[in-house]
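Visitor: Starting off with a structure, shown below.
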Amino acid sequence: MGNNNNNVCPDSCCTGDEILCIGIPCPIDIVLLGIELQVELPCVRLTSPGPLTEDQIQQLLDVLQGVLGSLGNLGGAGGVVEGEE
């Protein structure tokens, strides 16, 4: 793993005018259950063909806050909260 011969990553694909853009131009090495994997995800881009309304912007913000909140909770204790199943 990590045997990238040129050690140079290309520039990110993000231009700054997207609703959301995640640019990971270099592969990521991951070990899952003892198996070495390489994830290549150069660009995830969310755009709109036209201007967004205030309601659409608020809906997007609500969804993104939920997703980011869920990602933040992945690192928690992971147990069942008393009274919840």
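Visitor: Name the residue that is least open to solvent (accessible area, probe 1.4 Å), counting only residues in segment 26-48 that are closer than 30 Å to Q59 by Cβ and in a loop (DSSP other than H, G, I, E, B).
Guide: S48
Visitor: Also, I was wondering about something else. Here's a check for you: in segment 3-19, which residue that is under 21 Å from the mean Cα position of the chain (by Cα) and modelled with pLDDT under 80 is surrounded by the fewest Cβ atoms within 10 Å (Cβ to Cβ)?
Guide: D11
Visitor: A further question on this structure: List pairs: first in segment 49-66 and open to solvent by less than 60 Å² (accessible area, probe 1.4 Å), second assigned to a loop (DSSP other than H, G, I, E, B), Cβ under 7 Å, 6+ apart or cross-chain?
Guide: L60/I19
The values are calculated or read from the model by the stated rules, or taken from the named source; none is laboratory data. Every value quoted in this text rests on a predicted model; they were computed, and no experiment measured them. Quick reminder, even Gly has a Cβ in these numbers, built from the backbone with ideal geometry, and neighbours come from all protein chains shown. Just the protein is used for accessible areas: all its heavy atoms, side chains included, with ligands, DNA and RNA removed. Shrake-Rupley method; radii C 1.70, N 1.55, O 1.52, S 1.80 Å.
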